[in-house]
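Input: a single structure, listed below in structure tokens.
Quick note: the coordinates plus some simple rules give every number you see, no bench work behind them. All values derive from a computational prediction rather than experimental measurement. So basically every Cβ, Gly included, is an ideal-geometry build from the backbone, and we count neighbours across all protein chains shown.
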Amino acid sequence: MSNPPKLVIGANGYLGSHVTRQLVADGAEVRVMVRSGANTVSIDDLDVTRFVGDIFDLDTVREAMDGCDVVYYCVVDTRAWLRDTGPLFHTNVEGLRGVLDVASQLAATGSLKKFVFTSSYSTVGRKRGRVATEADQIDRRHLTAYVQSRIQAEDLVLAAAKERGLPAVAMCVSTTYGPGDYGMTPHGALIAGTVFGKMPFVLDGISLEAVGVADAARAMILAAERGTVGERYLISERMISNREVVRIAADEVGVAPPKRSVPVPLLYGMGALGTLKARFKGTDERLTLQSVRLMRAEADVDCSKAKRELGWQPMPVEDSIREAAKFWLALREAKRKSK
């Protein structure tokens, strides 16, 4: 008797595509749900069953989910720089709410065994100078709209596990690096800019928790098998500086890293200018005082729970940065040859 299919919602996204690829490689029967018109180049070569619709199309959600024993939810709006924050809550919170209703109904019948939710390490309480774990609760005052939306989403998932019997786990994933970033995430843009020689400077004093995207995907799959319902798991390999990421990527493809650097005081000045521009011109600016403060708020996290309970063993994130650099170089060469 064959195993039930697995469903990946948001399978064309960066993490979702890696979850999908690993499931297919593992021999699973895989269903994917993608939006109409979405760029699916990252999964077009895979033998999967497609369901086309967004997360508000609950009839399609129900059809795709029916008969699956595991659902991997990989949908998130990451545009933290939006002045109008409505879309963040629309997708990250309200869209999720309907999906959880469907999933809870199917879990009640006994068919759905695990709902693996992509959360963020930004939902965990972190303070500089100490190492955070999943048990650390975040101070909910003075948070950005993006972080608020991620916290509210995680709250919905964990409440569904506690109150409605949904067999859900929340995966608090850090910054991901690796190949296949066709949508060019902000951290992917850092690698691409370095590889293409378009990175004018590095940011001093900025570090992020990071993990290889393939390792994050493997953690998701392990969570479906071994994760404890109602728990969250921090998924990160280590803290790494902006300067080190750029250096590793540059070394991998044989280009010179940027010679100039931006010290923290100047970075705050650039953030202030971005904030003023957004306010007076009504534009969405990625570098603002708010985004600088977020970058400066980074603190170490402890991922031993995922290693201990899930059997997760990530490779050094440096390897994933090298893979990302090779991906962007190969993509550029492929585009040149196609012209």
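At what distance in angstrom do the alpha carbon centres of region 100-126 and region 211-284 lie from each other? Answer, in whole Å: 25.
Among His142, His90, a tally of other beta-carbon atoms within 10 Å of each Cβ gives an order, fewest to most, of His142, His90.
Of all trypsin sites (Lys or Arg not before Pro) in region 231-273, which ones are in loop regions per DSSP and have a Cβ with at most 10 other Cβ atoms within 10 Å?
Lys259
Take the Cβ-Cβ distance between Phe56 and Ala108 as r, set R0 to 22 Å, and report the resulting FRET efficiency rounded to the nearest 0.05. Using R0 = 22 Å, I get an efficiency of 0.50.
The angle between the Cα long axis of helix 145-163 and the main principal axis of the chain comes to about 20°, on a 0 to 90 degree scale. Of the beta bridges in the chain, as assigned by DSSP with both residues counted there, near 15 percent are antiparallel. Axis of helix 96-109 versus longest Cα principal axis of the chain: the two differ by about 30°, to the nearest ten degrees.
Taking 7 Å steps out from each Cα toward its Cβ at Arg79 and His142 produces label points 2.8 nm apart. Loop-located chymotrypsin sites (Phe, Trp or Tyr not before Pro) in region 1-69 (DSSP state other than H, G, I, E, B) with a sparse environment of at most 16 neighbouring Cβ atoms within 10 Å: Phe56. Under a Cβ-Cβ cut-off of 14 Å, what is the net charge of the residues other than Ala306 that fall near it, where Lys and Arg count +1 and Asp and Glu count -1? Once positives and negatives cancel, what remains is -1. The alpha-carbon of Lys335 sits under 16 angstrom from the alpha-carbons of these lysines, leaving out residues fewer than 8 places away in its chain: Lys326.
Evaluate E = 1/(1 + (r/R0)^6) for Ser261 and Asp66, where r is the Cβ-Cβ distance and R0 equals 41 Å; express this FRET efficiency to the nearest 0.05.
Details: r = 54 Å, r/R0 = 1.31.
For R0 = 41 Å, the calculated efficiency reads 0.15.
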